[in-house]
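The values are calculated or read from the model by the stated rules, or taken from the named source; none is laboratory data. Keep in mind that this is a model prediction, so the values were computed, not measured. Quick reminder, even Gly has a Cβ in these numbers, built from the backbone with ideal geometry, and neighbours come from all protein chains shown.
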Amino acid sequence: MSTDAKQALQIANRRRWRRTVVRHSILIGWGLIIMFPIFWMIQTSFKDAHEWVTWPPHWVPQDPTLKNYEQIFTFDVQQSGVAREATEQPFNIWGAVADSLIICTTSALIALFMGAFLAYGISRFNVGGGKFRHSVLIIRMIPPIVIAIPLLMYYAIMVPLASETVLGFRLSLFDTQFGMSLLYITITLPFVIWMMLSFIDEVPYTLEHAARIMGAGRLYTLRRVVLPLVASGMVVTFLFVFILNWAEFLLSLTLTHPDVSTLPVLLNKFQSASEGRLYGPQAAIGTVITIPVVVLGVLIQKHLIKGFSFGTIRK
Amino acid sequence: MAQIGLKEVVKKFGDFVAVNGVSLDVHDGEFLILVGPSGCGKTTTLNMISGLESPTSGEIIIGNRVVNDIEPGERGLGMVFQDLALFPHMTVFENIAFGLRVKKTLEPDIDRQVRAAAEAMHILPLLGKRPAQCSGGESQRVALARTIVNDPSVFLMDEPLSSLDAKLRVDMRTELKALHERLNATFVYVTHDQAEAMTMADRIVVMNGGLVEQIGGPLDIYDKPASRFVAGFFGTPTMNFLQGEIVAANGALTFQCEHIEHFLAENTPDSLAGKQVILGVRSEHVVVNSGGQQGQVKLIEPLGDVSLVFFESGGQEQLVAKVAPELRFSSGDQLTFGFQAAKCHLFDFDSGTRLN
Amino acid sequence: MTESTTLAASVHRNGLLSRLSAWFSQERVFRWIPFVMVEGMFILILIIPFALTIYISFLRWRANRPFEQAYLSGLRNYESVIADSGFWDSLGRTFYFAGAAVVFELIIGFFLALMVHQITRGRRFYITILLIPMMVVPVVAGYNFSMIYLDSGPLNQILAPGLNLFDINPRIRWLSNPIAAQWAIILADIWQWTSLTFLIFLSGFSALPPQLINAARVMGASRRQTFFWVELPLLKPAIVIAVVIRSMEALKMFDPVVLLTFGGPGTSTQTVAYYLWEQVWQFNKYSFGAAASIMLLIIFSVLIFFGIYLIGRQGKAIERGEA
């Protein structure tokens with residue numbers, strides 16, 4: 001009897017053990033699939049030109065080189081070279097890095113400020129009515145191509161025309177950091193509002209009541225009670241929105257050229273090159289674009305689980 | 001100068017009427033308790049006094065001024081919240097100092113006053129900790145200290161003891177009462193726990209459905225509930241209610257229902273004859289083993305000092321009697337019972353208002 | 001009333017700054033300022049351009065001619081959009097891509113989340129790895145896949161031993177075959193966005209109240225019964241949200257098309273976003289593009305409102321369940 005029980009236990013243990021092994025191997029397998037394209041990009045970025053396209057392809061660069069990185073970072077308009085030929089247009093990675101950083105940072109900051117402010121109003125005073133929380137997501141669901149066409153005409157024709165007649169000078173939003181920032185603020189606001197709502201809803205309203213009973217004004221209460229409690233949430237939201245802007249392609253492709261260029265647009269210029277593709281420098285740019293956002297993403301990953309629950313988690 | 005007056009105060013949230021014309025006066029230095037079931041408007045009333053909600057109509061007077069339009073922070077109140085509302089990101093010291101900092105008190109004064117308040121609430125060792133590191137009872141004291149330090153003339157408390165376990169709650173009652181004696185301030189306290197109200201209050205305001213049902217001292221309310229609702233709300237076990245008719249026979253009034261007939265006290269007004277009423281009698285006023293009614297025991301709950309005997313008397317209603325523990329019953333026993341005539345309450349069948 | 005209150009409150013502290021901050025502290029300021037700011041942005045950047053688009057969609061105008069030469073032409077642009085098979089084909093293709101990609105993303109994401117939820121050791125490690133594709137810039141992801149699908153790329157190398165058996169030249173040009181190119185794009189989408197469905201499902205799983213599952217187990221439900229009768233119904237909000245969000249995003253598909261195939265070979269990988277982009281930027285058909293955008297928005301808004309309705313209903317159900 002007891003041997004039977006022992007045997008049953010053994011079988012159960014073995015089965016559990018087997019199940020665990022299966023789970024881990026599936027997860028590791030999927031992890032490898034996921035990491036492979038990134039691995040391929042990074043290893044290509046260290047390959048010299050003759051290794052870009054070989055059959056069979058080399059999984060590890062045979063003579064690793066930093067040439068690609070050197071190339072992308074040292075190019076300027078005057079210099080002729082592979083990249084210049086390929087893109088057939090002035091290529092300036094530092095300009096693109098600066099444009100991307102400025103546009104993404106300012107728009108994320110302003111969107112964060114406005115969105116957090118409104119999220120506070122929605123959370124505390126039910127601003128915009130009960131359905132506003134959900135309907136704000138509509139903006140996020142509109143396909144960007146539908147916005148892109150009107151925006152192009154608006155930015156390039158209507159705003160300059162209107163500003164000339166009203167203000168007396170041509171104000172063009174097309175191909176400017178300002179115009180791109182305005183647009184990014186608008187399209188990321190719904191996300192900011194959503195994420196900040198989930199953080200602000202967690203701060204009990206009675207904390208503010210307590211502060212106000214003790215004589216604190218609304219602003220003082222906001223600064224000393226609410227803000228410290230949602231600060232980490234604001235950082236997460238900022239980083240998330242920054243990543244969104246950093247990755248945005250269609251709209252910046254549409255609304256910038258030739259003065260302003262974000263990094264994804266720059267990468268695409270290589271892709272559309274007519275005279276052979278420059279896999280190496282492209283991989284180097286890809287790596288440069290990817291590494292910072294992946295690092296940021298891993299940093300905020302724990303909070304993303306909460307932010308992406310869209311209200312399905314309630315404590 | 002800390003009397004509070006409410007005049008015909010109404011609060012509506014959209015179509016929902018939370019408080020429907022409440023008038024009451026809180027005397028200076030009084031411990032007043034607002035009690036009622038959840039949703040009766042007691043917390044809304046408190047919030048209107050504090051200024052966190054503004055009344056839809058009516059006047060709120062603190063001291064001698066109408067405070068309807070005055071910010072909560074300028075009304076000279078202190079408030080303890082149900083969830084205590086301690087700031088989780090500040091230490092206990094900073095929590096207590098918050099109100100002083102708002103008033104831009106000088107740093108040495110802050111230190112002195114915070115320490116004094118902490119000492120009064122016996123929480124000096126906690127000053128460096130955060131609220132999350134404090135136990136339930138400790139958090140309670142921190143919340144009180146944070147209120148005391150601002151030296152308000154009125155203390156508002158919104159079910160502050162509800163998060164504590166039963167034993168601690170009973171201890172805190174005594175402590176709060178002592179605090180009230182010591183501070184000599186006006187306390188307005190909201191609770192749904194009738195025992196809390198009975199033990200601490202100078203006066204109790206019973207609210208139901210946005211209206212005041214009765215205002216009075218604890219024993220007044222217990223002995224002479226103004227309505228069926230109040231009668232049922234106070235006292236454990238709940239008062240026995242029987243539905244029946246008053247019949248005049250042989251110059252005396254009797255209460256009659258399906259299986260029970262009970263002679264009413266002599267001072268019952270004759271005008272009640274023929275009326276549909278509800279008779280209420282508390283369990284301790286049910287006399288067992290005497291009186292003319294027959295019943296069958298269903299359940300016994302021995303509490304030690306007394307025993308509760310639940311029995312049926314033919315009809316549907318289950319009655320309960322509080323009996324001396326020496327009287328042993330077991331389920332299924334027959335018993336005889338009666339009501340103490342002077343302790344019976346009569347309520348109108350329709351409106352529930354008291355008739356005798 | 002509020003105005004006088006504030007003034008009364010600020011009488012004892014003078015100065016413009018404190019008066020300003022007193023004004024700013026009013027509840028109605030908190031109610032309206034952020035609302036007006038945000039709505040103002042929406043109107044300025046989204047609504048006005050839309051009004052303009054509606055106007056342009058009634059014009060006959062090509063962008064390579066001056067705007068002054070444009071003239072009203074009634075519904076002609078709409079007629080030509082409706083008659084345009086390219087528009088409808090690309091729209092159908094978009095739904096096909098989105099449908100195929102989302103189904104796989106949901107299934108894979110769900111099981112990955114389930115597995116990560118069930119294991120105890122290495123959870124954080126797996127979560128970190130599995131979430132990485134979501135962070136990768138889509139353009140870079142498209143580029144990566146264009147490398148992998150190369151005729152001399154790693155995919156062919158991996159397949160080579162098998163293909164050699166059947167005497168097939170292993171250097172297949174995946175992106176030159178219409179069906180292979182379509183699935184290349186779908187696979188790239190699955191690679192990138194399974195991490196999002198994984199994330200949503202994972203947060204759904206971690207929100208499951210363990211006492212409910214324990215209760216079901218104690219009542220004698222098997223592992224399978226517990227899953228189907230308790231866990232799955234509780235995961236419904238997460239599932240709805242994953243479906244809605246991913247479908248909406250997948251219907252926008254543009255970046256991988258540009259990076260991988262440029263809509264080709266032929267038109268076999270043109271999504272509706274790519275098709276419109278090409279019409280406007282390659283062929284300068286602005287008023288046609290405007291009319292097509294409006295039609296697309298009308299078609300999508302039906303889906304969007306349905307999606308919002310579903311999400312809102314889940315939200316309400318959660319609130320009800322909580323109350």
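Quick rundown of the values:
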{"item": "Tally, over the range B:298-343, of residues that are surrounded by fewer than 13 Cβ atoms within 10 Å (Cβ to Cβ) and either in the same structural domain as B:D223 (by TED's automatic domain parsing) or in contact with a helix residue (DSSP H, G or I) (Cβ under 9 Å, 6 or more places away or on another chain) (or both)", "result": "1"}
{"item": "Residues of the range B:140-157 that turn out to be within 14 Å of B:L86 (Cβ to Cβ) and within 13 Å of chain A (Cβ to nearest Cβ), as a count", "result": "7"}
{"item": "Candidates C:A290, C:A216, C:A242 - the one that is more than 14 Å from chain A (Cβ to nearest Cβ) and in contact with a Ser or Thr (Cβ under 6 Å, 6 or more places away or on another chain)", "result": "C:A216"}
{"item": "Qualifying positions in the range B:40-97 - assigned to a loop (DSSP other than H, G, I, E, B), at the interface with another protein chain (Cβ under 10 Å from one of its Cβ atoms) and farther than 19 Å from A:R124 by Cβ", "result": "B:N68, B:D69, B:I70, B:R75, B:G76, B:L84, B:L86, B:M90"}
{"item": "Inter-residue pairs, beta-carbon under 8 Å, first on the phi > 0 side of the Ramachandran plot and in the range B:316-333, second not β-branched (V, I, T), 6+ apart", "result": "B:G332/B:Q296"}
{"item": "Selection from the range A:162-181 of residues that are out of contact with any Phe, Trp or Tyr (no Cβ under 9 Å at 6 or more places or on another chain), within 12 Å of another protein chain (Cβ to nearest Cβ) and in contact (Cβ under 8 Å) with a residue 12 or more places away in the chain", "result": "A:M180, A:S181"}
{"item": "Some residue of the range C:82-94 being within 30 Å of A:T287 (Cβ to Cβ), in the same structural domain as C:R224 (by TED's automatic domain parsing) and touching a Leu at 6+ places or on another chain (Cβ under 9 Å)", "result": "no"}
{"item": "Where a residue in the range C:145-156 is not assigned by TED's automatic domain parsing to the domain that holds C:L175 and its partner, wherever it lies, is in a helix (DSSP H, G or I), with Cβ under 9 Å and at least six apart", "result": "none"}
{"item": "Verdict on C:P34 being surrounded by fewer than 15 Cβ atoms within 10 Å (Cβ to Cβ) and either within 13 Å of chain A (Cβ to nearest Cβ) or at pLDDT below 90 (or both)", "result": "no"}
{"item": "Filter pass, B:F16 being among the aromatic types (F, W, Y) and either crowded, with 17+ Cβ neighbours inside 10 Å or in contact (Cβ under 8 Å) with a residue 24 or more places away in the chain (or both)", "result": "no"}
{"item": "Residue count, the range B:311-356 (criterion: polar (S, T, N, Q) and either assigned to a strand (DSSP E or B) or at pLDDT 90 or above (or both))", "result": "4"}
{"item": "Qualifying residue in the range C:177-185 (condition: at the interface with chain A (Cβ under 9 Å from one of its Cβ atoms), touching a Gly at 6+ places or on another chain (Cβ under 9 Å) and within 21 Å of C:V258 (Cβ to Cβ))", "result": "no"}
{"item": "Among residues of the range B:102-114, those that are over 35 Å from the mean Cα position of the chain (by Cα) and under 22 Å from B:R141 (Cα atoms), counted", "result": "4"}
{"item": "Which numbered condition A:Q10 fails, given (1) more than 30 Å from C:P170 (Cα to Cα); (2) within 11 Å of chain C (Cβ to nearest Cβ)", "result": "(2)"}
{"item": "The range A:187-207, subset within 13 Å of chain B (Cβ to nearest Cβ) and surrounded by fewer than 20 Cβ atoms within 10 Å (Cβ to Cβ), residue nearest to A:N245 (Cα to Cα)", "result": "A:E202"}
{"item": "Of all residues making up the range C:138-171, the number that are more than 12 Å from chain A (Cβ to nearest Cβ) and either of a type in the set (A, V, I, L, M, F, W, C) or touching a Ser or Thr at 6+ places or on another chain (Cβ under 8 Å) (or both)", "result": "4"}
{"item": "Some residue of the range C:105-120 being acidic (D, E), loosely packed, with under 15 Cβ neighbours inside 10 Å and more than 7 Å from every other protein chain (Cβ to nearest Cβ)", "result": "no"}
{"item": "Qualifying residue in the range B:90-106 (condition: of a type in the set (D, E), modelled with pLDDT under 90 and touching a helix residue (DSSP H, G or I) at 6+ places or on another chain (Cβ under 9 Å))", "result": "no"}
{"item": "Test: residue in the range C:163-175 that is within 27 Å of the chain's Cα centre (by Cα), in a helix (DSSP H, G or I) and farther than 30 Å from A:L296 by Cβ", "result": "yes"}
{"item": "Conditions (1) modelled with pLDDT of 85 or more; (2) within 12 Å of another protein chain (Cβ to nearest Cβ); (3) not in a helix (DSSP H, G or I): number failed by C:L208", "result": "(1)"}
{"item": "Evaluation of C:V258 against (1) more than 9 Å from chain A (Cβ to nearest Cβ); (2) in contact (Cβ under 8 Å) with a residue 40 or more places away in the chain; (3) within 27 Å of A:K269 (Cβ to Cβ) (one fails), failing number", "result": "(1)"}
{"item": "Test: residue in the range A:94-101 that is surrounded by 15 or more Cβ atoms within 10 Å (Cβ to Cβ), more than 14 Å from chain C (Cβ to nearest Cβ) and modelled with pLDDT under 85", "result": "yes"}
{"item": "Count - residues of the range B:98-122 that are more than 7 Å from every other protein chain (Cβ to nearest Cβ) and in a helix (DSSP H, G or I)", "result": "16"}
{"item": "Failed criterion for C:L196 (all others in (1) closer than 30 Å to C:L234 by Cβ; (2) free of Cβ contacts under 8 Å to residues at least 40 places away in the same chain hold)", "result": "(2)"}
{"item": "Strands (runs of 3 or more DSSP E) contained entirely in the range B:228-310, each with at least 2 residues that are in contact (Cβ under 8 Å) with a residue 24 or more places away in the chain, more than 30 Å from B:A201 (Cβ to Cβ) and not β-branched (V, I, T)", "result": "B:240-249, B:261-263, B:286-302"}
